[in-house]
Amino acid sequence: IEPIDPVRYISNHSTGKMGYAIAAELASRGAQVTLISGQTALDVPDGVQRVDVLSAQNMFDAFIERFESADGAVMCAAVADYTPADPSPVKIKKSDDEMVIRLKRTPDIAATAGATKGDKLLVGFALETDNELENAVGKLHRKKFDFIVLNSLADPGAGFATDTNKITIIGKDGLQHPYPLEQKSDAARHIV
Ligand code: C5P
């Protein structure tokens with residue numbers, strides 16, 4: 001979430017369910033998991049250490065601190081690409097005029113990870129509404145992911161807030177593995 005003033009913010013519909021399912025699956029297979037999480041009502045899965053963050057910059061800082069000592073990272077968060085350039089320290093009062101909020105870019109956590117990953121395993125996500133495959137393959141190469149998980153808002157039952165998802169895993173070798181609509185816990189098992 002990206003603050004506009006102490007009361008309002010910009011965000012999106014992500015609930016964190018997919019990320020939490022992956023963290024749970026990794027922990028159940030014996031991995032030591034740190035879950036860097038934005039705001040959500042979800043419970044921390046057993047055996048997982050959660051680090052709470054709010055903004056993209058917070059998540060970037062928390063990630064950089066821990067990535068070096070990790071074997072890999074799954075980048076599942078719906079991170080904001082833009083944030084208000086000058087958040088107000090006090091609640092903005094309404095007036096009769098239109099209002100403009102100037103936005104600046106946030107750091108791209110996955111791209112930074114890709115540039116410094118060495119032989120760590122890096123998994124990315126792409127939630128698309130159009131040109132799904134082309135956009136996902138572009139992200140896979142640009143951010144140097146080993147594989148990317150594509151989900152499309154065009155598929156009923158996939159994406160935000162649902163307990164189900166329909167994923168296609170695309171490897172850096174170009175191979176595509178589509179899965180049927182399934183519980184997020186099953187999608188997590190396939191990803192792990
Ligand atoms: O370009 P887009 O934001 O759709 O890329 C999606 C992938 O990049 C996801 O894996 C997401 O977690 C990651 N990402 C990031 N930092 C950002 C924006 C996206 O790590 N600022």
| note | Out of S37, S69, S95, a Gaussian network model of the chain with alpha-carbon springs under 10 Å gives the largest mean-square fluctuation to S95
| remark: Counting as exposed only trypsin sites (Lys or Arg not before Pro) in DSSP loop states with no more than 12 other Cβ atoms inside 10 Å, the longest exposed-site-free span of the chain is 103-192
| note | What the 5 Å binned alpha carbon P(r) of the range 1-119 shows, as percent of pairs per bin from 0, is 2, 10, 19, 20, 18, 12, 8, 5, 3, 2, 1, 0
| field | DSSP loop GluC sites (Glu not before Pro) with at most 16 other Cβ within 10 Å excluded, longest remaining stretch of the chain | value | 99-192
| query | Computed over the Cα atoms, what is the radius of gyration of the range 42-192 divided by 2.2 N^0.38 Å, N being its residue count? | reply | 1.20
| query | So what's the angle, to the nearest 10 degrees on a 0 to 90 scale, between helix 17-28 and the longest Cα principal axis of the chain? | reply | 40 degrees
| Exceeding the 31 Å Cα-Cα cut-off - candidates K17/K120; K91/K144; K120/K184 | K91/K144
| note | Expected max-MSF residue from D52, D119, D155 in the GNM of the chain (alpha carbon, under 10 Å) is D119
| All lysines inside 30 Å of K94 as judged from Cα atoms, apart from same-chain residues fewer than 8 positions distant | K104
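None of the figures in this text is laboratory data; all of them are computed from the coordinates on show. Just so it is clear, the structure is predicted and the values come from calculations on it, not from any experiment. No Cβ is skipped: glycine too gets one built from the backbone with ideal geometry, and neighbour counts run over all protein chains shown.
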